[in-house]
Amino acid sequence: MILGQVSCEGGMITGVEETAAVPAGARDCAGDFVLPGLVELHTDNLERHIQPRPKVAWPHDAAIIAHDAELAATGITTVFDAMRVGSSTDGRGYKAYARNLSSELMALRAAQALKISHHIHLRAEICSETLLEELALFSPEDRVGLVSLMDHTPGQRQFRDMEKLKVYYMGKNAASEDAFEAHVTRLKALRARIGEAHETGAVAEAARLGAVLASHDDTTADQVAVSAAHGIRLAEFPTTLEAAQACREAGITIMMGAPNLIRGGSHSNNVSAIELAEHGLLDIISSDYVPAALLLSAFKLAEIWQDIPRAIRCVTQTPAEATGLTDRGTLRPGYRADFVRVRPVGKSHVLRGVWSGGHQVA
């Protein structure tokens, strides 16, 4: 950390200088932190906006714009919007939506209607019926930045604790116990029938799209070995210490969720992000389902490590590098002028300004 000034022009940083002077015409941040804009790789927030309640559809343009404004207000200047691909053809569970939503997102981006930088993250649900058909609708021109292999088959990975899954599923869907059991039986049969073909196909589709490939919810060293064999170098939310250690040994970058870190544990009874941080097994933080948690989690991590720059890199430089974005994530000449102004207030931190491409957006 330094006391200094950042200069920008044309949306890019032109200089970073260590100085106590405040040049004429400069904005005096009065001792506040000036940090790189936050980079978010896996947020479910857009899905929440397009479906604010179960079975309630919201106009997509309005949802995207509201989502964009919310992220800007939390200090996120680059986002990979997570969209599920892989749906159900029998009317139960998810319906296909990613192709249309991504087209609408790109149209708003082209019209310069959005405050921050948006990229596409396709969550490839292995345990589904239409995964490969939906992936085939995308092309390299869509600039899909990230494809993650998701397998929510009951009894393994994130949902290995069946009692936790039962509570989650029945509560979210207002379902009976019989309906839950039928759901479990159907998904297990589906995974046994086409799961392997979907996994192989999704890996190939990520390569065709030129996207970074990520694993999701690896639980065992064997699962990490499979991820490494696929060429995966980013692990989203490993669920056990064993899996995280295997990721480190395989050279796979480890991402955990900010809500896990802030709450002190996983809502699915998986490994604590704090435990992984204490073992040096945490590289990236994602806001997951609470956008405002990203900045909060960085300073929480700084308390654990007693190292603010290291913690800030987990929400800026490291996620940018993991997804091949070489023009952002750090305050350096020639990089995008994405930065946030943050003031410590008591035990919290308050955003005082957010700039994306040199323009103040919050």
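Show the residue pairs meeting these rules: Cβ distance below 6 Å; 6+ apart or different chains; first residue within the stretch 211-236 and among the charged types (D, E, K, R); second residue part of a helix (DSSP H, G or I) and at pLDDT below 95.
217/157; 217/158
Cβ-Cβ distance below 9 Å, separation of 6 or more or different chains: which pairs start in the stretch 1-13 with a residue that is of a type in the set (Ser, Thr, Tyr) and end on one that is open to solvent by 70 Å² or more (accessible area, probe 1.4 Å)?
7/14; 7/17; 7/333
Which condition from (1) more than 25 Å from residue 150 (Cβ to Cβ); (2) small (Gly, Ala, Ser); (3) at pLDDT below 95; (4) crowded, with 17+ Cβ neighbours inside 10 Å is the one that residue 87 breaks?
Going through (1) more than 25 Å from residue 150 (Cβ to Cβ); (2) small (Gly, Ala, Ser); (3) at pLDDT below 95; (4) crowded, with 17+ Cβ neighbours inside 10 Å one by one, residue 87 breaks only (1).
(1) open to solvent by less than 60 Å² (accessible area, probe 1.4 Å); (2) of a type outside the set (A, V, I, L, M, F, W, C); (3) touching an Asp or Glu at 6+ places or on another chain (Cβ under 7 Å); (4) not in a strand (DSSP E or B): which one isn't true of residue 61, the others all being true?
Of everything listed in (1) open to solvent by less than 60 Å² (accessible area, probe 1.4 Å); (2) of a type outside the set (A, V, I, L, M, F, W, C); (3) touching an Asp or Glu at 6+ places or on another chain (Cβ under 7 Å); (4) not in a strand (DSSP E or B), residue 61 misses just condition (1).
Regarding residue 134, is this residue at pLDDT 95 or above and of a type outside the set (Phe, Trp, Tyr)?
When the stated conditions are applied, residue 134 passes them.
Show the residue pairs that are 6+ apart or on different chains and have beta-carbon atoms under 7 Å apart, the first residue being within the stretch 336-362 and of a type in the set (Phe, Trp, Tyr), the second being assigned to a strand (DSSP E or B) and modelled with pLDDT under 95.
That search, which allows pairs on different chains as well, returns 339/6.
When residues of the stretch 39-66 are filtered for being in contact with a strand residue (DSSP E or B) (Cβ under 8 Å, 6 or more places away or on another chain) and without any contact (Cβ under 8 Å) to a residue 60 or more places away in the chain, how many remain?
2
Taking the stretch 1-26, which residues are assigned to a loop (DSSP other than H, G, I, E, B) and more than 16 Å from residue 338 (Cβ to Cβ)?
1, 2, 3, 19, 20, 21, 22, 23, 24, 25, 26
Among the residues of the stretch 13-54, write down those that are within 22 Å of residue 115 (Cα to Cα) and among the basic types (Lys, Arg).
Listed by number, the residues that qualify are 27, 48.
Of all residues in the stretch 313-362, how many are over 21 Å from the mean Cα position of the chain (by Cα), over 27 Å from residue 276 (Cα atoms) and open to solvent by less than 20 Å² (accessible area, probe 1.4 Å)?
Qualifying residue count for the region: 2.
With the condition kept exactly as written, say whether any residue in the stretch 292-312 is open to solvent by less than 50 Å² (accessible area, probe 1.4 Å) and outside any helix (DSSP H, G or I).
no
Select from the stretch 93-127 the residues that are over 16 Å from residue 47 (Cα atoms), touching a residue at least 60 places away in the same chain (Cβ under 8 Å) and open to solvent by less than 50 Å² (accessible area, probe 1.4 Å) and list them in ascending order.
The answer is 116, 117, 126, 127.
Which members of the stretch 175-214 meet the condition of being of a type in the set (Val, Ile, Thr) and not in a helix (DSSP H, G or I)?
212, the sole residue that qualifies.
Quick one: how many residues across the stretch 303-339 are under 12 Å from residue 78 (Cα atoms) and β-branched (Val, Ile, Thr)?
3
Scan the helices (runs of 4 or more DSSP H) fully inside the stretch 215-272 and keep the ones with 3 or more residues being more than 25 Å from residue 198 (Cα to Cα) and open to solvent by 10 Å² or more (accessible area, probe 1.4 Å). Let's see the steps before the verdict.
Values: elements: 221-229, 241-249, 258-263.
It comes to 241-249, 258-263.
Restricting the search to the stretch 35-78, which residues are over 18 Å from the mean Cα position of the chain (by Cα) and under 19 Å from residue 318 (Cβ atoms)?
Across the stretch 35-78, the qualifying residue is only 35.
Could you give every pair whose Cβ atoms fall below 6 Å, whose first residue belongs to the stretch 238-262 and is within 15 Å of residue 215 (Cα to Cα) and hydroxyl-bearing (Ser, Thr, Tyr), and whose second residue is open to solvent by less than 40 Å² (accessible area, probe 1.4 Å) and part of a helix (DSSP H, G or I), counting only separations of at least 6 or pairs across chains?
Filtered contacts from the stretch 238-262: 253/322.
Given (1) touching a helix residue (DSSP H, G or I) at 6+ places or on another chain (Cβ under 7 Å); (2) on the phi > 0 side of the Ramachandran plot; (3) modelled with pLDDT under 95, identify the lone condition not met by residue 93.
Going through (1) touching a helix residue (DSSP H, G or I) at 6+ places or on another chain (Cβ under 7 Å); (2) on the phi > 0 side of the Ramachandran plot; (3) modelled with pLDDT under 95 one by one, residue 93 breaks only (1).
Return the only residue of 61, 32 being touching a helix residue (DSSP H, G or I) at 6+ places or on another chain (Cβ under 7 Å), among the charged types (D, E, K, R) and farther than 29 Å from residue 237 by Cβ.
Among 61, 32, only 61 is touching a helix residue (DSSP H, G or I) at 6+ places or on another chain (Cβ under 7 Å), among the charged types (D, E, K, R) and farther than 29 Å from residue 237 by Cβ.
The values are calculated or read from the model by the stated rules, or taken from the named source; none is laboratory data. Note that the structure is a prediction, hence the values are computed from the model and not measured. Glycine gets a Cβ as well: all are built from the backbone with ideal geometry, and neighbour counts include every protein chain shown. Accessible surface areas use protein heavy atoms only, side chains included; no ligands, DNA or RNA. Shrake-Rupley method; radii C 1.70, N 1.55, O 1.52, S 1.80 Å.
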